[in-house]
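Below: the structure, in structure tokens.
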Amino acid sequence: MVPGVRLVVLGKQGAGKGTQCERLSHHYVVPHVSTGDMLRGAVKSGSGLGQKVKEIMDRGELLGDDLIMEMVTHRLSEPDARARGFILDGCPRTTNQAGLLAALLSPLDLDLAVDIDVPTAQVLKRLASRRVCVDCGHNYSVQKPPRTNWICDVCGGEVIQREDDQEDAIARRLELYEEETAPLISWYTERDQLAKVNGLGDPDVVLRRIIRVIEERRGQGRAR
Ligand code: AMP
């Protein structure tokens, strides 16, 4: 039997979080819980929540912790996540969210918070060329487009450049990352829950690096 996992994946926008989370979700057979994807889904559906958050998201600003944690609490209480765990992508974004997440999971704990590390110059290049499916969120790039005319290979949806991948919003999101999200690295390091993984190179190689640190950590847990 494949063991599940409870994982937080951190990293700058464009570090390859989405791609790796999708793969990890298949590998460990646990849901990929992306707050960004959930919010984009709400915007697309035109729901009250979607209308409320669209303008803030388009500017690249962060939404309130309460709203985010309500959404995450709801998703993690579903049977798939309760039974096998989750790959959490895009949350926590602040140390306050990290504390609320720990309280939500208690008495269980995360297996690990993985920081996918890519230098800023590299993520800027990746973000400018990133394209994404509006329906399923699968990632492409200008260098690696879908097979047919910006139609998603996975689900047939339209593949576009995200509003918040435009130059001004990218700059703002990276600034916010430094201000609010980088402290999470210290937060998880202090709790001995952080593993930094080199995010440069072929996505298959990066995936193997991530799986290796997760399995090493589980091995240490068993040895304790
Ligand atoms: P992402 O796809 O993770 O880059 O998220 C897209 C946008 O959704 C962010 O720029 C924020 O506006 C919002 N968002 C997603 N997750 C969070 C979170 N944990 N806290 C606050 N805002 C969030």
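The values are calculated or read from the model by the stated rules, or taken from the named source; none is laboratory data. Just so it is clear, the structure is predicted and the values come from calculations on it, not from any experiment. Cβ: placed from backbone, ideal geometry, glycine included. Neighbour counts: every protein chain shown. Surface areas here come from the heavy atoms of the whole protein model, side chains and all, with no ligands, DNA or RNA. Shrake-Rupley method; radii C 1.70, N 1.55, O 1.52, S 1.80 Å.
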(request) Starting from residues that are in a helix (DSSP H, G or I) and closer than 23 Å to D115 by Cβ, keep the ones in the stretch 43-70 and report whichever is most open to solvent (accessible area, probe 1.4 Å). (result) D65
(request) Keeping to the stretch 1-37, report how many residues are outside any strand (DSSP E or B), away from the ligand (no atom under 12 Å from the Cβ) and basic (K, R). (result) 1
(request) Looking at (1) assigned to a helix (DSSP H, G or I); (2) within 16 Å of the ligand (Cβ to nearest atom); (3) open to solvent by 60 Å² or more (accessible area, probe 1.4 Å), find the lone condition where A83 falls short. (result) (2)
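So which of R40, R93 is under 29 Å from D204 (Cα atoms), of a type in the set (K, R) and in a helix (DSSP H, G or I)?
Details: R93 fails: in a helix (DSSP H, G or I).
Among R40, R93, only R40 is under 29 Å from D204 (Cα atoms), of a type in the set (K, R) and in a helix (DSSP H, G or I).
Residue by residue through the stretch 96-129, note down the ones that are in a loop (DSSP other than H, G, I, E, B) and polar (S, T, N, Q).
The initial filter retains those residues of the stretch 96-129 that are in a loop (DSSP other than H, G, I, E, B), namely 106-111, 118-119.
The one that is in a loop (DSSP other than H, G, I, E, B) and polar (S, T, N, Q): S106.
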(message) Looking at the stretch 111-128 only, could you name the residues that are open to solvent by 20 Å² or more (accessible area, probe 1.4 Å) and of a type outside the set (D, E)?
(response) P119, T120, A121, Q122, L124, K125, R126, A128
(request) Would you be able to tell me the number of residues in the stretch 172-224 that are in contact (Cβ under 8 Å) with a residue 40 or more places away in the chain, aliphatic (A, V, I, L, M) and in a helix (DSSP H, G or I)? (result) 10
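How about the stretch 129-143: which of its residues are open to solvent by 50 Å² or more (accessible area, probe 1.4 Å) and in contact (Cβ under 8 Å) with a residue 40 or more places away in the chain?
Step one: of the stretch 129-143, the residues open to solvent by 50 Å² or more (accessible area, probe 1.4 Å) are 134-136, 142-143.
V134, the sole residue that qualifies.
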